[in-house]
Amino acid sequence: MPLANRIKNIREAKKLTQEDVSNKMEISASAYGQKERNANKITYENLLKIAKALDVSILFLLDTNSNEYLEKK
């Protein structure tokens, strides 16, 4: 599964909108949407911010082979 799809699936599984995540990251919803769609070109720093906003670890976020969308706590 591509990283962009993984991020979107995790966000949707947590019932968050792009606006919800963008507010947590303190960026505009359109800027977040671009990051989510173009995740393959995203910086490590922004991946960390997305992981934090989604309340998952960076390793869980990057595990694109996993079918599990929610991190077990």
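Angle of helix 3-13 to the longest C-alpha principal axis of the chain, folded into 0 to 90 degrees and rounded to 10: 90°. Compactness ratio for the chain: Cα radius of gyration over 2.2 N^0.38 Å (N = residue count) comes to 0.97.
Since every read-out is calculated from the coordinates, none of them should be taken as a lab result. Worth saying up front: this structure is predicted, and the values here are computed from it rather than measured.
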